[in-house]
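Some notes on the structure that comes next.
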């Protein structure tokens, strides 16, 4: 899985260096603030000289904030639901790297909120198509009648940091997303 750390770090660097455009304001990397892929994304932003936000969670096995967070932008939460709310509150995109239950919880919450129209549309990217097709069989849910075929359009797959950033930028260049 270390290849995903490289992609996350490269994405953090791209986001940290990106300038605002007429359709997409300057972006900030916001992660759960922990180790692994979250740390890699925060490191990329840090190396770009940009702000790097961490929304850390209190866990039975203590998860310490990673060292690449901007000191005044590290927040600690007790409940996942409150943290997830803050993760989405100002999000312009949701990028999911391979992960476990917590990642899946966040992904399904975003997809449910989009499906039910509770949040404004935003690009949802699943990094690592091979991983996500095994972890999340959307076609099975469609075939079983659990979700509509159109619900598969709520997300897309990506593999590299430039591809992720291109998808996000293109999303906001589309005429119906301009304010």
> Peptides 111-121, 45-55: what's the order by average Cβ count within 10 Å, highest mean first?
Replying inline: 45-55, 111-121
> Among 165, 171, which comes first, then next, by fewest other beta-carbon atoms within 10 Å?
Replying inline: 171, 165
> Rounded to the nearest 500 deg cm²/dmol, what is the calculated helix-only ellipticity per residue at 222 nm for the chain, with -39500 (n - 2.57) per DSSP H run of length n ≥ 4?
Replying inline: -13000 deg cm²/dmol
> How high is the relative contact order of segment 72-179, given as a whole-number percent (alpha carbon pairs under 8 Å, six or more residues apart)?
Replying inline: 25 percent
>> If you average the C-alpha positions of segment 30-65 and of segment 101-152 separately, how far apart do those two centres end up, in angstrom?
In response: 24 Å
>> What three numbers, in Å, describe the spread of the alpha carbons of the chain along their principal axes, ordered from the longest?
In response: 46, 43, 31
>> Could you tell me the calculated FRET efficiency between residue 130 and residue 73, based on Cβ-Cβ distance and R0 = 25 angstrom, to the nearest 0.05?
In response: 0.15
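FYI, it's all coordinate maths here, none of it is from the lab. Everything numeric here is computed off the predicted structure, so don't read it as measured data. Quick reminder, even Gly has a Cβ in these numbers, built from the backbone with ideal geometry, and neighbours come from all protein chains shown.
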